[in-house]
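Undergrad: Sending over a structure as structure tokens; questions will come in a sec.
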Amino acid sequence: MIKIKKGLDIPIAGAPVQIIEEGPTIHHVALLGEEYVGMRPSMLIQEGDWVKKGQALFEDKKNPGVMFTAPASGKVSAINRGERRVLQSVVIEIDGDEQVPFEHYEESSLNQLSDEQVQRHLLASGLWTALRTRPFSKTPVPNSRPRAIFVSAMDTQPLAADPQVIIATESDAFNHGLTILARLTEGKVHVCHAPGQAVASYQNAQVTYNEFSGPHPAGLVGTHIHFLEPVSLNKTVWHVGYQDVIAIGKLFTRGELWTDRIVSLAGPQVEQPVLLRTRLGASLSELTAGRLKEGDNRIISGSVLSGTAFSATHGYLGRFHQQVSVIREGREKELFGWVMPGRDKYSITRTTLGHFFKHKLFAFSTDMHGGERAMVPIGNYERVMPLDIFGHSFAA
């Protein structure tokens with residue numbers, strides 16, 4: 001076990017009940033182009049076209065063969081572009097469930113597939129884009145091979161779902177996905193999980209199970225890579241989300257593209273925080289309808305620390321996000337707030353009274369309590385940074 005001693009678990013209110021419920025019916029889904037670093041799309045469809053689930057929507061010009069496929073069948077209702085015609089999103093109005101069939105294999109033959117067969121299948125289905133490189137967090141170049149592949153079966157982000165709850169519902173598909181990933185590397189497939197979690201049921205010479213404990217960022221894949229397989233310009237590893245491992249397992253054993261997503265809908269502004277079964281790229285306004293407290297809310301695809309705020313062109317569940325967080329827009333002003341004791345304000349430096357309430361949860365908002373300020377390097381970042389880097393240098 002690797003124990004992370006430095007870090008910070010933000011005491012934010014609204015943690016979800018770890019029970020999976022069926023989410024609302026989703027009528028619109030989208031692929032968000034800006035999630036793929038350095039990608040330049042070559043469009044294969046246009047607005048008004050009808051597409052099947054699994055049909056190619058566009059191809060990466062920089063990496064021919066890397067296909068981005070539809071997460072649902074229906075009509076392409078919008079192709080949104082930003083400055084310099086950067087692709088923001090491709091929106092599909094869902095209609096029916098017609099899908100592109102893919103080749104599938106017997107479970108017993110998965111470990112006999114060649115890496116060429118596996119790559120070809122992942123590229124055709126669009127699941128190749130679930131893989132990301134470290135460094136640079138890009139979609140891997142076809143025909144490349146990593147030193148290792150990381151699967152994070154734990155999550156220490158604020159308000160996150162417990163991956164063990166989700167993996168337990170699809171354990172066979174998860175294990176089949178690990179078998180497929182092992183065909184893509186001559187190194188190890190590192191499955192990183194929290195202590196006591198029963199994910200180590202699958203035995204494979206290439207698959208290793210690593211326990212991490214401690215505060216956030218103990219559950220981040222960057223932390224796992226830093227301690228197990230540090231990268232450099234000459235050493236590349238890949239990583240993939242645990243729900244995408246399930247999707248890969250289902251693709252190879254059933255021949256269909258699994259686009260379900262179980263996400264945590266949580267935060268101080270959610271009426272009943274819970275885990276919802278929805279679909280990849282789901283409309284956030286449809287997903288959260290009737291579940292939020294009244295007021296001016298900010299809906300975030302992903303964590304409050306690193307997610308993407310809701311907007312007209314980005315109001316959809318991100319490809320790599322497994323939670324939806326909702327907090328209050330902090331637009332109100334507080335008279336002489338800087339002299340108040342701050343019972344309801346959290347601080348790690350004893351600046352406010354809230355620091356001394358160790359088990360209190362806080363209804364954080366977007367309020368920055370003022371504008372941008374000068375950075376004073378007094379060691380605060382180093383107190384919560386478990387990696388061998390200077391935190392204040394990146395924050396400055």
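Undergrad: Where does each of ARG147, ARG84, ARG279, ARG350 land when they are ranked from fewest to most other beta-carbon atoms within 10 angstrom?
TA: Working: ARG147 15, ARG84 5, ARG279 21, ARG350 9.
With the fewest neighbours first, ARG147, ARG84, ARG279, ARG350 line up as ARG84, ARG350, ARG147, ARG279.
Undergrad: What net charge do the residues around LYS62 carry, taking every other residue with its C-beta under 13 Å from that of LYS62, with Lys and Arg at +1 and Asp and Glu at -1? Numbers along the way, then the final one.
TA: Values: positive: ARG40, LYS61, LYS138; negative: GLU59, ASP60.
Local charge sum for LYS62: +1.
Undergrad: Additional query: Subtract the Cα-Cα distance of LYS360 and LEU233 from 0.36 nm times their separation in residues, and report this length gain in nm to one decimal. Working shown, then result.
TA: Numbers: separation 127, 0.36 × 127 = 45.72 nm, distance 4.36 nm.
Here the segment from LYS360 to LEU233 would lengthen by 41.4 nm.
Undergrad: For a label point 7 angstrom out from the Cα of GLU98 toward its Cβ, which stretches of the stretch 30-51 have the backbone nitrogen within less than 13 Å?
TA: 49-51
Undergrad: Something else now. Among the listed pairs LYS6/LYS62; LYS3/LYS235; LYS333/LYS360; LYS5/LYS188; LYS5/LYS360; LYS6/LYS345, which have their C-alpha atoms separated by more than 32 angstrom in this model?
TA: From the list (LYS6/LYS62; LYS3/LYS235; LYS333/LYS360; LYS5/LYS188; LYS5/LYS360; LYS6/LYS345), the Cα-Cα distance tops 32 Å for LYS6/LYS62.
Undergrad: I'm checking a number: the convex hull volume of the Cα atoms of the stretch 54-202, normalised per residue, in Å³. What is it? Walk me through the intermediate numbers first.
TA: Details: hull volume 25.1 nm³, N = 149.
So the per-residue hull volume is 169 Å³.
Undergrad: To the nearest Å, what is the center-to-center distance of the stretch 112-162 and the stretch 302-368, using C-alpha atoms only?
TA: 32 Å
Undergrad: Using 0.36 nm per residue of separation minus the Cα-Cα distance, give me the extension gain between VAL141 and LEU305 in nm, one decimal. Numbers along the way, then the final one.
TA: Numbers: separation 164, 0.36 × 164 = 59.04 nm, distance 2.90 nm.
Extra length from VAL141 to LEU305 when fully extended: 56.1 nm.
Undergrad: Using Cα atoms only, what is the angle between the long axis of helix 115-125 and the major principal axis of the chain, expressed in degrees (0 to 90) to the nearest 10?
TA: 70 degrees
Undergrad: Return the Cα extents of the chain along principal axes one, two and three, sorted largest first, each rounded to a whole Å.
TA: Largest first, the chain extends 66, 48, 41 Å along its Cα principal axes.
Undergrad: Now, a different point. Cα convex hull of the stretch 177-277: how many Å³ per residue? Don't jump to the answer; show the numbers that get you there.
TA: Working: hull volume 15.6 nm³, N = 101.
Taking the convex hull of the Cα positions in the stretch 177-277, it is 154 Å³ per residue.
Undergrad: Still on this model: Roughly what angle does helix 242-254 make with the longest principal axis of the chain, taking Cα atoms, 0 to 90 degrees, to the nearest 10?
TA: 20 degrees
Undergrad: Can I ask one more? Mean residue ellipticity at 222 nm from the helices of the chain, using -39,500 (n - 2.57) per DSSP H segment of n ≥ 4 over the full residue count, to the nearest 500 deg cm²/dmol? Walk me through the intermediate numbers first.
TA: Details: 8 runs with 66 residues, N = 396.
Estimated from H runs of four or more residues: -4500 deg cm²/dmol.
Computed from the coordinates by the stated procedures, all read-outs in this text should not be read as laboratory data. Because the structure is a prediction, the values reported are computed rather than measured. Positions of Cβ are backbone-derived with ideal geometry, glycine not excepted, and every protein chain shown enters the neighbour counts.
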